[in-house]
Amino acid sequence: MKAKTIRTLRVSLLGGVAAALFATSVAAQVKIGVLGDMSGAYADLGGKGSTMAARMAIEDFGGQVLGKPIELVSADHQNKTDVAASIARRWYDREGVTMITDLTNSAVAIAVQGISREKKKINLVTSTATNALTNKECSPWGVHWTYDSYALANAPVRAMIEGGAKKWFFITADYTFGHNLQETTEKMIKQLGGTVVGTATHPFTSQDFSSQLLKAQASGADIIALANSGSDTTNSVKQANEFGITKKQKLVSLLTFITDVHSMGLPIAQGLVFSEAFYWDQNDETRAWSQKFMKRHGTMPSMVHAGTYSAVTHYLKAVKAANSVDSDAVMAKMREMPVNDFAFKNGSIRPDGVHDHAMYLFQVKTPKESKYAWDYYKQLAVIPKGKTFQPLEEVDCPLLKK
């Protein structure tokens with residue numbers, strides 16, 4: 001009986017050691033999950049393009065780290081928080097995913113960042129705007145990579161008000177992202193001496209903006225601000241042109257992507273003013289990478305695609321430098337090292353999780369100004385690192401209070 005007990009104990013110990021070794025082996029392998037909108041309103045600006053960008057980053061890194069191949073998985077969250085949460089939990093708990101990126105849709109990003117915080121896993125948000133991610137919902141393992149609502153509003157609001165356009169009307173997507181974007185922009189408008197003369201909301205993926213646009217037209221506003229994105233932006237801009245609104249009032253889109261401009265065409269999009277973090281035709285480096293992306297994906301990259309490549313690359317550099325996939329060790333290296341790639345120069349990760357970098361104010365060219373395919377933007381201004389995102393003293397992130 002005693003011998004049997006000893007044998008059982010020996011087997012249990014060996015089993016425990018084997019399980020520990022297996023867990024270490026699994027944990028030492030990097031597995032990246034791209035969780036985005038693959039089929040809905042945001043599919044063009046992120047979606048499969050984000051997966052392609054992540055794949056290109058892995059390939060350019062050499063395809064392996066810590067002596068093992070880097071794995072890549074992707075999934076469609078369908079713009080549903082419960083679907084996204086279920087996928088994130090499965091990836092973390094059963095499939096060995098070490099980092100999740102993309103995360104289009106503000107509610108989805110907040111939910112997945114909450115799960116990542118609970119699991120002590122890294123998530124790099126490259127494709128949503130809400131700055132709640134670096135305020136009340138901030139995480140030691142979460143980074144808001146490409147843009148946020150504050151950075152998007154900063155340059156257009158200043159430029160328009162300084163140019164004398166002080167009366168604003170909002171057409172706002174009626175969910176987390178739209179309300180956060182309007183709230184952030186409104187605060188900025190009032191601080192700079194402007195006024196908000198009205199607001200009209202619309203449901204997600206709306207087809208008819210006639211009611212909202214007619215209210216905006218009747219308001220006497222100098223600026224009609226579009227606090228929406230994706231197909232909602234393209235539809236509202238197209239219909240504003242149909243109603244002749246742009247002849248007397250100026251449209252400012254608070255979140256526009258090159259894929260939106262391509263969808264609308266220059267005759268409709270011309271004159272639109274907005275901020276972006278990246279444009280493919282800025283310099284030789286951006287052009288070289290973008291042409292590679294174009295050959296593989298069929299479109300020029302959006303700032304989300306460039307941001308996803310950048311985030312994945314920086315993550316892999318940090319894993320290599322830390323010689324580990326441990327989230328604390330990797331995040332320490334990510335914060336320690338500057339972000340340098342074709343899209344971002346000397347970026348840095350702040351304590352609240354903001355990836356601090358420059359942003360750009362663009363205006364869509366007229367058809368006559370455009371000289372070749374995808375030649376859509378003219379740069380109006382550069383907002384340098386340190387002046388783009390919400391000042392730290394205004395941030396409501398619990399991490400800053402520790």
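The values are calculated or read from the model by the stated rules, or taken from the named source; none is laboratory data. Quick caveat, the model's predicted, so the values are computed rather than measured. Glycine gets a Cβ as well: all are built from the backbone with ideal geometry, and neighbour counts include every protein chain shown.
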Find the residue count for segment 349-383, including only residues that are under 14 Å from residue 275 (Cα atoms) and under 15 Å from the mean Cα position of the chain (by Cα).
3
Can you say whether residue 192 is without any contact (Cβ under 8 Å) to a residue 40 or more places away in the chain and in the same structural domain as residue 250 (by TED's automatic domain parsing), as far as the supplied structure shows?
yes
Return yes or no: is residue 133 part of a helix (DSSP H, G or I) and more than 20 Å from residue 302 (Cα to Cα)?
yes
Residue among 184, 126 that alone is assigned by TED's automatic domain parsing to the domain that holds residue 354, within 22 Å of the chain's Cα centre (by Cα) and not hydrophobic (A, V, I, L, M, F, W, C):
126
So which residues in segment 238-266 are surrounded by fewer than 23 Cβ atoms within 10 Å (Cβ to Cβ), free of Cβ contacts under 8 Å to residues at least 40 places away in the same chain and of a type in the set (Ser, Thr, Tyr), if there are any at all?
246
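Say we look at segment 374-402 and pick out the residues that are part of a helix (DSSP H, G or I) and without any contact (Cβ under 8 Å) to a residue 12 or more places away in the chain; which of these is nearest to residue 299 (Cα to Cα)?
394
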Taking segment 65-95 and keeping only residues that are of a type outside the set (Lys, Arg) and within 20 Å of residue 314 (Cα to Cα), one is left with 65, 66, 67, 69, 70, 71, 72, 73, 74
Among the numbered conditions (1) surrounded by 17 or more Cβ atoms within 10 Å (Cβ to Cβ); (2) in a helix (DSSP H, G or I); (3) not small (Gly, Ala, Ser), tell me where residue 172 comes up short.
(2)
Filtered residues of segment 256-289 (kept if of a type in the set (A, V, I, L, M, F, W, C) and in contact with a Leu (Cβ under 8 Å, 6 or more places away or on another chain)):
257, 261, 272, 273, 274
Taking the condition within 20 Å of the chain's Cα centre (by Cα), hydroxyl-bearing (Ser, Thr, Tyr) and not in a helix (DSSP H, G or I), does residue 313 pass?
no
Could you please find all residues in segment 194-229 being of a type in the set (A, V, I, L, M), closer than 16 Å to residue 247 by Cβ and not in a helix (DSSP H, G or I)?
221, 223, 224
Report yes if some residue within segment 351-363 is surrounded by fewer than 20 Cβ atoms within 10 Å (Cβ to Cβ), touching a residue at least 40 places away in the same chain (Cβ under 8 Å) and either of a type in the set (Val, Ile, Thr) or in contact with an Asp or Glu (Cβ under 8 Å, 6 or more places away or on another chain) (or both); otherwise report no.
no
Do we have any residue at all in segment 22-29 that's surrounded by fewer than 20 Cβ atoms within 10 Å (Cβ to Cβ), of a type in the set (Phe, Trp, Tyr), modelled with pLDDT of 95 or more and not in a loop (DSSP other than H, G, I, E, B)?
no
Note on residue 315: of the conditions (1) free of Cβ contacts under 8 Å to residues at least 40 places away in the same chain; (2) within 30 Å of residue 338 (Cβ to Cβ), unmet is (1)
Exactly one condition in (1) crowded, with 20+ Cβ neighbours inside 10 Å; (2) in contact (Cβ under 8 Å) with a residue 60 or more places away in the chain is not met by residue 95; state its number.
(1)
Of (1) within 19 Å of the chain's Cα centre (by Cα); (2) of a type outside the set (Gly, Ala, Ser); (3) surrounded by fewer than 17 Cβ atoms within 10 Å (Cβ to Cβ); (4) part of a helix (DSSP H, G or I), residue 118 satisfies every one except (1)
In segment 54-84, which residues are closer than 13 Å to residue 104 by Cβ and either in contact with a Phe, Trp or Tyr (Cβ under 7 Å, 6 or more places away or on another chain) or not aliphatic (A, V, I, L, M) (or both)?
74, 76, 77, 78, 79, 80, 81
